[in-house]
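Laboratory data are not the source of any read-out in this text; all were calculated from the coordinates shown. All values reported here derive from a predicted model rather than from experimental measurement. Note that each Cβ is placed from the backbone with ideal geometry, even for glycine, and that neighbours are counted across all protein chains shown.
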Amino acid sequence: MKYSMKQISIKTCLTAGLVIIFSSAQLGFAITPEEIMEKNFIVNKVTDSTSQTTMILTNKAGKERVRKTFGTTKLQKGTFDNMRMTRFLEPTDVKGMVSLLIEHSKDEDDIWLYLPSLKKVRRLVSSNKKDSFVGTDFSYGDVIGHKVKEWNHTILKEEDVDGFMCYVIESTPINKTIAKNTGYSKRVSWIQKDTFVARKAMMYDEAGSLYKEMQFLNLELVEPEKNKWYAREFRARNVQTGHSTVIKVDELKVNVGVKDSYFTTRYMESQ
Amino acid sequence: MPTNSSAYFKRLLLNGAAFFLSAFFVASSWAQNADIPPESSDEPSLFPEDFPADGEEINNKWHSNLNELGLTGSLRSGFWSSNRLSDNNNSIGVGSLWLKYDQRFSGGLSAFVEGYAEHQGFLDSDYDISRIKEGYAHLRKGDWDIRAGKQIIAWGRTDRLNPTDNLTPRDFTLLSPEIDEDRFGVNAIKLSKVFGMYSSLTVAWIPEFEHHTTADIKLADFSFSKTKTNDSQYAIKFDQSGGDIDWSVSYMSGRDLGYDLAITGSSGGTVLVNQNYNKVETFGADLATIVGSNRYAIEMAYTRTEDNAGTNYLVKNPFLFTVVGIEHDFGNNLSAIVQGFHNHVMNYQDPRNISDSTERFVYSLSATGNGQLEQDSFGLSGRVGKKWMNETLEGELAGSMLFTGHGYSVRPKLTYAISDSLKATAGYEFYGGASDTVLGARRKNKAFFSEIRYFF
């Protein structure tokens with residue numbers, strides 16, 4: 001029997017929909033895993049913010065390196081796409097380095113980097129999300145957030161994390177390109193049931209082995225009217241190398257009227 | 001002292017601008033001390049003036065007070081098996097202190113100064129130098145930016161080979177593992193107007209020309225001297241940085257940063273040769289965009305010289321220099337850049353056909369240094385970079401090759417961050433190929449280098 005493409009698409013969608021509904025219903029959840037991940041994806045997307053952070057990088061031998069940054073974010077009008085500017089304050093050899101990231105949910109993000117030694121802003125390739133974010137155990141993809149539609153999600157169970165009931169969601173990449181670009185074959189996230197904030201996560205490398213463990217601590221409700229939450233401490237540990245990172249948000253101001261013009265290469269060059 | 005009224009006028013203008021900004025700077029400092037808010041209350045500062053400057057960890061260090069004043073720097077100790085002067089000096093120890101002052105004040109005003117003092121020790125001689133690389137005041141008001149003082153103006157979007165980058169000189173004799181540290185500022189006023197989020201128009205005025213620093217030419221029976229010129233330069237650029245494509249178009253009128261050789265006479269059997277920095281006009285454009293895992297960039301410039309007809313060997317001919325590059329990101333902190341470049345000389349005449357042997361030698365030497373020995377020169381440059389161990393260890397292999405004349409260079413380099421304050425670098429610079437090519441002529445500069453930097 002031959003089917004037209006349209007018929008196949010309708011059948012595929014109906015089948016996929018039934019599978020999702022059946023899976024959720026079978027496990028007794030009133031919400032689909034996609035809805036949970038969508039809510040999680042936007043739960044920390046505040047209108048705008050300024051923040052000062054300290055990153056502590058520790059190797060297996062316990063040796064520490066410290067980075068301090070100043071950053072701003074702002075949602076682009078009518079979207080949940082962020083603009084992010086990060087300026088490095090310490091240590092001395094990276095002081096003055098600035099990165100600008102403009103997210104595009106339907107396209108590749110734009111990334112520029114200003115290096116004081118070059119005196120120039122340079123546009124960078126953004127498709128690769130697996131590289132380490134400035135030497136930390138968080139990848140660029142972890143920092144920006146993994147686009148929900150690029151992953152297949154399944155609710156595994158519910159579990160208590162530090163006294164908070166969480167959905168345990170398994171996410172697998174929809175294709176090999178996503179796996180290659182993010183460096184992950186699977187992510188497991190613990191999403192708090194009532195707020196949709198992530199409490200912890202585990203990442204698996206492309207070969208399927210446990211790669212990283214992450215924790216999101218000291219969560220604060222920073223925009224109550226929009227149910228926006230922000231973790232004041234992020235922890236990641238590469239279980240394969242023993243290297244770990246703690247990012248502490250020392251100062252955070254939300255909804256302070258950050259102007260669009262701050263997310264420009266002009267400001268990056270303001271040494 | 002100024003040598004003529006024009007130079008005096010230019011200095012007066014530059015000093016006036018610097019004075020204006022300095023006065024603003026003092027007034028702003030006073031205002032800040034008088035507890036006036038550093039920024040207007042309707043917008044947050046992009047620079048964290050109230051941020052605890054150095055954090056708990058850093059406050060325990062000896063340089064905390066310096067850092068709070070806006071001072072940072074590095075102490076460097078290095079070894080070079082050869083200098084970059086194409087002479088026979090080798091085994092050079094280099095010790096230097098680099099200082100940087102970077103401070104922001106209220107009202108959009110900031111100040112930046114960077115300089116260094118260096119001691120080079122040869123086996124049989126010593127050499128000391130201290131220089132200010134940059135020292136300027138910057139004022140940002142609304143859509144306008146003005147920067148006055150000694151500053152680096154770096155243009156161009158391709159990698160290291162930039163046909164449109166013709167305003168500020170490089171010191172090709174500087175012994176530093178970081179190639180881009182060879183840029184030095186010039187006294188200038190730069191004014192920029194921003195249009196929307198992505199576009200800007202920049203005008204730069206450089207009252208006194210400063211050329212590249214290159215190794216002195218030492219040849220038996222020849223005496224080389226440099227002609228100093230105080231001509232001013234100006235340039236204008238329209239730039240778009242944002243959206244799908246970054247691009248710019250630019251124009252520069254001024255002096256060539258590189259020299260032309262001109263025989264001026266002879267004295268006691270010695271041929272006298274001047275290194276002249278002649279007038280040029282450059283029309284340039286560049287473009288960069290990302291497609292998938294690749295970054296594409298193109299940059300080209302047409303340079304009009306004082307010898308448009310191409311009949312005067314004392315002055316280089318007009319030329320069109322084009323660089324096209326692709327950078328691929330392989331992931332896992334591995335990336336590679338490959339660039340092809342082409343230089344086309346207009347109204348070309350081969351200096352090797354000059355009948356007089358002395359003139360033939362000198363003007364061929366000049367054409368070699370300027371890449372004008374052939375009408376069309378082609379080449380490739382490339383760079384592979386890789387980071388390991390959470391960016392603690394960085395490796396780079398850079399090189400370039402001239403198809404015309406077969407000159408080439410290779411430069412492997414490894415950098416290891418022992419800690420946040422201590423970084424070690426080692427590498428090798430290799431030059432080869434025919435001696436009548438820009439790269440082959442630098443054979444004597446082949447060198448192993450190593451350096452330790454302590455940052456504070």
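Relative to the longest principal axis of the Cα atoms of chain B, helix B:5-33 runs at roughly 20 degrees. Among B:430, B:112, a tally of other beta-carbon atoms within 10 Å of each Cβ gives an order, fewest to most, of B:430, B:112.
The relative contact order of the range B:166-288, computed from alpha carbon pairs under 8 Å that lie at least 6 residues apart in sequence, is 23 percent. Seen from residue B:424, the other residues with C-beta closer than 12 Å to its C-beta sum to a net charge of +2, counting Lys and Arg as +1 and Asp and Glu as -1.
Computed from Cα atoms, the angle from the helix A:5-27 axis to the main principal axis of chain A rounds to 90 degrees.
Normalising the average separation of contacting C-alpha pairs (under 8 angstrom, six or more residues apart) by the number of residues puts the relative contact order of chain B at 11 percent. Pairing the Cα long axis of helix A:33-42 with the longest principal axis of chain A, what angle in degrees results, from 0 to 90 and rounded to the nearest 10? Approximately 20 degrees, to the nearest ten.
Counting, for every residue in A:127-136, the Cβ atoms of other protein chains within 10 Å of its Cβ and taking the mean gives 5. Does the protein assembly as shown come out rounded, prolate or oblate by the C-alpha gyration tensor, with a ≥ b ≥ c the root eigenvalues, rounded set by a/c under 1.5 and, if not, prolate when a/b is larger than b/c and oblate if not? Prolate.
When chain A is described by a simple charge dipole with +1 on each Lys and Arg Cβ and -1 on each Asp and Glu Cβ, the residue from A:161, A:230, A:135 located farthest towards its positive end is A:135. Quick one: grab the alpha carbon gyration tensor of the range A:133-271, order the square roots of its eigenvalues as a ≥ b ≥ c, and give me rounded if a/c is under 1.5, else prolate or oblate depending on whether a/b is larger than b/c. Oblate is the answer for the range A:133-271, as a/c is 1.5 or above yet b/c matches or exceeds a/b. By the count of other C-beta atoms within 10 Å, a proxy for reagent exposure, B:192, B:77 are ordered fewest to most as B:77, B:192.
Of all aspartates and glutamates in the structure, those lying under 13 Å Cα to Cα from residue A:77, and not within fewer than 8 positions of it along the same chain, are A:48, A:103, A:260.
Which stretch or stretches of the range A:129-165 have amide N atoms under 12 Å from the point lying 7 Å from residue A:206's Cα along the Cα→Cβ direction? Those under the cut-off are A:129-131. Remark: relative contact order (chain A) = 20 percent; criterion is Cα-Cα distance under 8 angstrom and separation of 6 or more residues. Working from label points 7 Å from Cα in the Cα-to-Cβ sense, the residue B:380 to residue A:35 distance is 5.7 nm. Secondary-structure-derived ellipticity at 222 nm for chain B, considering helices only, amounts to -3500 deg cm²/dmol, per-run term -39500 (n - 2.57) for DSSP H runs with n ≥ 4. Would you please classify the overall shape of chain A from the alpha carbon gyration tensor, given that a ≥ b ≥ c denote the square roots of the eigenvalues, rounded means a/c under 1.5, and beyond that prolate means a/b larger than b/c while oblate covers the rest? It is prolate, given that a/c is not under 1.5 and a/b is the larger ratio. With both residues required to sit in chain B, DSSP beta bridges show an antiparallel share near 95%.
Cross-link partners of residue B:218 among lysines, defined as those whose alpha carbon lies under 25 angstrom from its own and excluding same-chain residues fewer than eight positions apart: B:226, B:228, B:316, B:444, B:446.
Averaging Cα coordinates gives a centre for the range B:217-293 and one for the range A:221-271; these two points are 44 Å apart. Longer than 18 Å from Cα to Cα, which of B:193/B:237; A:74/A:193; B:133/B:279; A:176/B:386; A:39/A:149; A:130/A:212 are they? Say none if no pair is. From the list (B:193/B:237; A:74/A:193; B:133/B:279; A:176/B:386; A:39/A:149; A:130/A:212), the Cα-Cα distance tops 18 Å for A:74/A:193; B:133/B:279; A:176/B:386.
Placing +1 on the Cβ of every Lys and Arg and -1 on the Cβ of every Asp and Glu, with no other charges, gives the range B:338-456 a dipole of roughly 400 debye about its Cα centre.
Computed over chain A, the per-residue total of -39500 (n - 2.57) for DSSP H runs of n ≥ 4 gives a 222 nm mean residue ellipticity of -5500 deg cm²/dmol, rounded to 500. Label point of residue B:270 set 7 angstrom out along Cα-Cβ; within the range B:208-227, amide nitrogens under 14 Å from it belong to B:217-226. The ranking of A:267, A:167 from fewest to most other beta carbons within 10 Å of each one's beta carbon is A:267, A:167. Top mean-square fluctuation among A:224, A:91, A:173, Gaussian network model of chain A, C-alpha springs under 10 Å? Evaluated over chain A, the most mobile residue of the options is A:224.
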